Amino acid sequence: MAADNGPVGVSPAAPVVTVAGPRVPRAEEVLTPEAVAFVVGLHRTFEGRRQELLTRRKSRRAEIAEAGTLDFLPETAAIRAGDWKVAPAPRALQDRRVEITGPTDRKMVVNALNSGAKIWLADFEDATSPTWQAVVSGQINLIDAYEGRIDFTSEQGKTYTLKPAAELATVVVRPRGWHLDENHLLVDGVPVAGAFFDFGLYFFHNAKRLIAKGAEDPNSGPYFYLPKTESHLEARLWNDVFTYAQEKLGIAHGTIRATVLIETITASFEMDEILFELRDHAAGLNAGRWDYLFSIVKNFRDAGDHYILPDRNSVGMTSPFMAAYARLLVQTCHKRGAHAIGGMAAFIPSRKDPEVNAAALEKVKADKDREAAGGFDGSWVAHPDLVPVARASFDAVLGERPNQKDNPGSAETVKGSQLLDIAGSGGQCTEAGLQNAVAVGLRYSEAWLRGLGAVGIFNMMEDAATAEISRSQIWQWIHNNVVLADSGEKATAELVRRLVSEELVSLRAELGEDAYAAGRWAEARELFEQVSLAEDFVDFLTLPGYALLG
């Protein structure tokens, strides 16, 4: 296998380690022998457990399919009833009232750090299409930001540079989830986990740098967001990875802090347990809406009418089952001394349509007002123009306080049945909703194949989670013989293929022949239809998609 970035020298007794990807400028700065050896150490120590947990996901899904329900774990009741708290948050993570998310390309690094948000989620996961170029250059860009040498000049000649350090957001890195491999770093021919690659390189190169900066700048530290966690056992693996990494680099135990995204239905029944496993390293939990809905569909896709999700745009955080999930997250976090972080405002402000802007910003304000009033300590936005909107909502509740962890949240006990009351959300399954799922999913899939992970579609910033809920709903509606309320037609594979064809005709006219031909629309159609229409449900769109990235 080619090793365009250079093979890593190893002793005869060591495993064969191969770095095999297209040339990336300055890759040698992050893919040093020492850094790669650190990642390889993570792989050799923890890969077996990762594979066991991935296998356990499949058996857990089989159990859910058989039972048709979920409940809190009886074997961990003592943890839920216990009197314990997570470690106190470091100063940099005390005030998290506004967090901005985005990929680690050079322009986003500058804009996110300068945005006025308290936190920037630097994303190697859903907002990044994991090309070799993206995952390596993202590491370089973060190092450059910490060294104060990052800037960006647009094609129009506009230059972006960093503000003074005191005005910059604190960086929290989100590595890839446990299910994704990094095919360009092989150990004895086996790909390392994307999680080990992203976390390992970032921590190896930046942990000591951030700790040293923290002596002068309290907004620095090795902080992480953990995605796609499905159980407390997966959180335990992350905790052991953190302990190992700190020991290897001679860094004090508990220096790492992690916020876990509760974006799977199984994790929502194990919030206490997840915080308990990570209690020396836990910083909070986050409510991830689209992936959470995707997880519900994935796990209960064949459990009957009660679990059929209506048009995705009709399901909001005020839907009863989503409101229960939000209440439980706030209650759990504050009982345990952790931050509760709200969901995403994905609207992209338009400078051309003030009426669309005004209506959308009012919805964003209402959403953030509700989160702040409900006890959340902060929330996410996808665009810098939304930072002041979200900040105003939380300023009105927090004032000068950094958070409201002293607010226990709603006194109402959340029952497992409330988390699963999908039918209680109301809404309908419509052909308009199906058409929207096709349009968004197809457009996102094509952009992802071109190396874009955060994509503006219909004035919304979409990432992989949106494509996942779109295609999973299509699969669910077809396999449950849903009749569409507005047309009376049954959801079928044939109907979806017709809608895909119509969408491609519209896109060709919208983009023009040359731009359309330059895209990857045929491959996007094949990928989207594969994950939407296959007889067997595909766990993640990004798994077959990754093979097409090159």
Task: Among (1) open to solvent by 30 Å² or more (accessible area, probe 1.4 Å); (2) touching a Lys or Arg at 6+ places or on another chain (Cβ under 6 Å) - the single one ASP198 does not satisfy - done: (1)
Task: Index of the failed condition, TYR444 passing every other in (1) surrounded by fewer than 15 Cβ atoms within 10 Å (Cβ to Cβ); (2) hydroxyl-bearing (Ser, Thr, Tyr); (3) not in a loop (DSSP other than H, G, I, E, B) - done: (1)
Open item on the list: Can you find a residue that is open to solvent by 10 Å² or more (accessible area, probe 1.4 Å) and either assigned to a helix (DSSP H, G or I) or among the basic types (Lys, Arg) (or both) anywhere in region 340-351?
Closed with: yes
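Test ARG497 against the stated conditions and say whether it is within 27 Å of the chain's Cα centre (by Cα) and either more than 30 Å from GLU230 (Cβ to Cβ) or not charged (D, E, K, R) (or both). So that I can check it myself, show each step before the final result.
Numbers: within 27 Å of the chain's Cα centre (by Cα): no; either more than 30 Å from GLU230 (Cβ to Cβ) or not charged (D, E, K, R) (or both): yes.
For ARG497, the condition - within 27 Å of the chain's Cα centre (by Cα) and either more than 30 Å from GLU230 (Cβ to Cβ) or not charged (D, E, K, R) (or both) - is not met.
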- [ ] Working only within region 114-137, note down all residues that are touching a Ser or Thr at 6+ places or on another chain (Cβ under 9 Å) and not in a loop (DSSP other than H, G, I, E, B).
- [x] ILE119, TRP120, LEU121, ALA122, ASP123, ALA134, VAL135, SER137
Open item on the list: For the condition touching a residue at least 12 places away in the same chain (Cβ under 8 Å) and under 22 Å from the mean Cα position of the chain (by Cα), what is the one hit in THR161, THR128?
Closed with: THR128
Task: Every pair of residues 6+ apart whose Cβ atoms lie under 9 Å, when the first sits in region 315-332 and is charged (D, E, K, R) while the second is part of a loop (DSSP other than H, G, I, E, B) - done: ARG327/GLY374; ARG327/GLY375; ARG327/GLY409; ARG327/SER410; ARG327/GLU412; ARG327/VAL414
Open item on the list: Being farther than 23 Å from TRP448 by Cα, under 22 Å from the mean Cα position of the chain (by Cα) and open to solvent by less than 40 Å² (accessible area, probe 1.4 Å) is true for just one of VAL171, VAL135. Which residue is that?
Closed with: VAL171
Open item on the list: Name the single residue that is surrounded by the most Cβ atoms within 10 Å (Cβ to Cβ) among those in region 394-437 being of a type in the set (D, E, K, R) and over 30 Å from ALA303 (Cβ atoms).
Closed with: LYS405
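Step by step: first the residues of region 451-497, then only those that are among the basic types (Lys, Arg) and surrounded by fewer than 16 Cβ atoms within 10 Å (Cβ to Cβ), then the one that is farthest from VAL538 (Cα to Cα). Which residue is that? Before the answer, list the steps.
The initial filter retains those residues of region 451-497 that are among the basic types (Lys, Arg), namely 471, 490, 497.
Keeping just the survivors that are surrounded by fewer than 16 Cβ atoms within 10 Å (Cβ to Cβ) gives 490, 497.
Values: LYS490: 22, ARG497: 18 Å.
If we take residues in region 451-497 being among the basic types (Lys, Arg) and surrounded by fewer than 16 Cβ atoms within 10 Å (Cβ to Cβ), then LYS490 is farthest from VAL538 (Cα to Cα).
Can you pull out the residues in region 268-290 that are at pLDDT 95 or above and open to solvent by 10 Å² or more (accessible area, probe 1.4 Å)? Explain how you work it out, then say what you get.
The initial filter retains those residues of region 268-290 that are at pLDDT 95 or above, namely 268-287.
Within region 268-290, ASP272, PHE276, GLU277, ARG279, ASP280 qualify.
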- [ ] Scan (1) touching a Leu at 6+ places or on another chain (Cβ under 7 Å); (2) of a type outside the set (D, E, K, R); (3) open to solvent by 20 Å² or more (accessible area, probe 1.4 Å) for the single condition VAL30 breaks and write down its number.
- [x] (3)
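Of the residues that sit in region 201-221 and are farther than 23 Å from VAL16 by Cβ, among the aliphatic types (A, V, I, L, M) and within 25 Å of the chain's Cα centre (by Cα), which one is surrounded by the fewest Cβ atoms within 10 Å (Cβ to Cβ)?
Step one: of region 201-221, the residues farther than 23 Å from VAL16 by Cβ are 202-203, 205-221.
When the remaining residues are screened for being among the aliphatic types (A, V, I, L, M), the result is 207, 210-212, 215.
Keeping just the survivors that are within 25 Å of the chain's Cα centre (by Cα) gives 207, 210.
Working: ALA207: 19, LEU210: 22.
Among them, the one singled out is ALA207.
Okay, residues lined up against (1) over 25 Å from HIS179 (Cβ atoms); (2) at pLDDT below 95; (3) part of a helix (DSSP H, G or I); (4) of a type in the set (Val, Ile, Thr):
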residue	(1), (2), (3), (4)
MET1	no, yes, no, no
PRO12	yes, yes, no, no
ALA37	no, no, yes, no
GLY41	no, no, yes, no
GLU52	no, no, yes, no
Open item on the list: Considering only region 217-227, I want to know if a residue exists there that is touching a residue at least 12 places away in the same chain (Cβ under 8 Å) and closer than 21 Å to ARG56 by Cβ.
Closed with: yes
TODO: Please work out which one of (1) out of contact with any Phe, Trp or Tyr (no Cβ under 7 Å at 6 or more places or on another chain); (2) over 20 Å from VAL86 (Cβ atoms); (3) β-branched (Val, Ile, Thr) is the condition THR229 fails and give its number.
DONE: (2)
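Looking only at region 514-550, how many residues end up being over 24 Å from ARG23 (Cα atoms) and either in contact with a Gly (Cβ under 6 Å, 6 or more places away or on another chain) or of a type in the set (Val, Ile, Thr) (or both)? Explain how you work it out, then say what you get.
The initial filter retains those residues of region 514-550 that are over 24 Å from ARG23 (Cα atoms), namely 514-517, 521-541.
If we keep only those that are either in contact with a Gly (Cβ under 6 Å, 6 or more places away or on another chain) or of a type in the set (Val, Ile, Thr) (or both) as well, we get 527-528, 531, 538.
Summing the residues that are over 24 Å from ARG23 (Cα atoms) and either in contact with a Gly (Cβ under 6 Å, 6 or more places away or on another chain) or of a type in the set (Val, Ile, Thr) (or both) in region 514-550 gives 4.
The values are calculated or read from the model by the stated rules, or taken from the named source; none is laboratory data. These numbers were taken from a predicted model, which means no experiment stands behind them. Note that we place each Cβ from the backbone using ideal geometry, even for glycine, and neighbour counts take in every protein chain shown. Only protein heavy atoms, including side chains, enter the accessible area calculation; ligands, DNA and RNA are left aside. Shrake-Rupley method; radii C 1.70, N 1.55, O 1.52, S 1.80 Å.
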